[in-house]
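The values are calculated or read from the model by the stated rules, or taken from the named source; none is laboratory data. Worth saying up front: this structure is predicted, and the values here are computed from it rather than measured. Here the Cβ positions follow ideal geometry from the backbone for every residue, glycine too, while neighbour counts run over all protein chains shown. Note: accessible area is taken over every heavy atom of the protein model, side chains too, but ligands, DNA and RNA are not part of it. Shrake-Rupley method; radii C 1.70, N 1.55, O 1.52, S 1.80 Å.
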Amino acid sequence: MTDLHRRLKPAALCGWLLFGLWAGPAFAHDIDQDEALRLTEQGHILPLHVLIEDALQRYPGRFLGAKPERVDGRYIYELELVTRDRRVVELEYDAVTGRLLDVDIDEDD
């Protein structure tokens with residue numbers, strides 16, 4: 001490795017770290033089904049059905065899908081459902097505690 005390469009490595013690392021601080025949620029990553037199952041079995045996150053039941057109690061309708069993620073070191077479930085009056089609702093839950101973090105309701109007809 002040349003002297004130039006040795007000097008560029010720390011500079012490149014600092015650049016990526018600064019980009020990460022600026023980009024914020026760029027450090028989020030999706031969790032695949034196998035990882036979600038392992039985390040659930042180990043008791044690290046709640047079973048998905050618990051959060052689906054809560055979401056449907058809050059917004060009766062039909063469950064469409066879920067996306068488990070890890071965002072800034074925190075496990076999150078994003079759930080999507082359609083209400084009886086045909087509004088799409090996206091709910092964000094803390095996958096560890098089950099706390100509802102955010103709700104986004106599509107108000108378009």
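Annotations
- Region 39-52: number of residues that are part of a helix (DSSP H, G or I), over 15 Å from L81 (Cβ atoms) and open to solvent by less than 50 Å² (accessible area, probe 1.4 Å): 2
- Within region 66-109, considering residues that are hydroxyl-bearing (S, T, Y) and either without any contact (Cβ under 8 Å) to a residue 24 or more places away in the chain or within 24 Å of Q33 (Cα to Cα) (or both), the one surrounded by the fewest Cβ atoms within 10 Å (Cβ to Cβ): T97
- Any hit, region 53-65, residues being surrounded by 11 or more Cβ atoms within 10 Å (Cβ to Cβ) and over 24 Å from V89 (Cβ atoms): no
- Only one entry in R87, R70 is at pLDDT 95 or above and of a type in the set (D, E, K, R), namely R87.
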